[in-house]
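*Asks:* Provided herewith is a single structure, encoded as structure tokens, for subsequent inquiry.
Each value in this text was obtained by applying a stated rule to the coordinates, not by laboratory testing. What you are looking at is a predicted structure, and each value in this text was computed from that prediction instead of being measured. Neighbour counts run over all protein chains shown; Cβ positions are idealised from the backbone, glycine included.
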Amino acid sequence: MLRKRRGFIRFAILHLLNEEPMHGYQIMKELEARSNHTYSASAGTIYPALQELLDQQLITLDTSTDKKIYTIDTNGKKQLQSSKHANADFWTEWQERMTWRTSKEATQLRDALDHWEIALRKAMKQTRGNRARSKELIALIEEMTNRLKNNH
């Protein structure tokens, strides 16, 4: 499967923590609320993103209370201010992005991409040891990539 990215989620967390320290469940609920409930944050997304932010020393964790409280630190604030996601309209973009993710078109695109990935992996297996087929597949992928670049 193609690697899922948590970059936008990480910036959303930084934005929230820039407003106030929060615990994980509070972050999940706030992200859901700010998407007009079109995004349902899962622990499997939020906690790995929080761990990445901790590992990168962008946030800190206070474990002195019964709930683990995350706080943005100076490095996190610098990262947030220097990013393309630092604009005042971040939460508008967040809401639009989350609404798009649940749309019929986005679902159809994800399904098409999943089917394409399965077909690509099968085609790659069939090219093993066959240079001509391998070159054809590479040419097809390069053509598709160029068409996508030129159309968008």
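*Asks:* Determine the calculated [θ] at 222 nm for the chain from helices alone, applying -39500 (n - 2.57) to every DSSP H run no shorter than 4 residues and normalising by the residue count; nearest 500 deg cm²/dmol.
*Replies:* -22000 deg cm²/dmol
*Asks:* When the Cα centres of region 86-152 and region 17-75 are compared, how far apart do they sit, in Å?
*Replies:* When both Cα centres are located, 30 Å separates them.
*Asks:* Which value, in debye to the nearest 20, gives the size of the charge dipole of region 105-151 about its Cα centre, when Lys and Arg are +1 and Asp and Glu are -1 at the Cβ? Before the final figure, lay out each step's value.
*Replies:* Details: 10 positive and 7 negative charges, 80 e Å.
Roughly 380 debye, rounded to the nearest 20.
*Asks:* Once both labels are modelled 7 Å past Cα along the beta-carbon direction, what's the Lys104-Lys68 spacing in nm?
*Replies:* If labels sit at Lys104 and Lys68, their model points lie 4.1 nm apart.
*Asks:* For the chain, what's the relative contact order in percent, using C-alpha pairs closer than 8 Å and at least 6 residues apart?
*Replies:* Averaging sequence separation for qualifying contacts and normalising by length gives 22 percent for the chain.
*Asks:* Same structure, new question: Checking the a/c ratio against 1.5 first, then a/b against b/c, what shape does the Cα gyration tensor give for region 11-71?
*Replies:* prolate
*Asks:* Something else about it: What is the sum of charges around Gln79, taking Lys and Arg as +1, Asp and Glu as -1, for the other residues whose C-beta is under 11 Å from the C-beta of Gln79?
*Replies:* Overall, the nearby charge balance is +2.
*Asks:* Considering just Cα atoms, how many Å³ per residue does the convex hull of region 105-151 enclose?
*Replies:* Convex hull volume per residue, Cα atoms: 55 Å³.
*Asks:* Related question: What per residue convex hull volume, in Å³, do the alpha-carbon atoms of the chain yield?
*Replies:* On the way: hull volume 24.3 nm³, N = 152.
Here the figure is 160 Å³ per residue.
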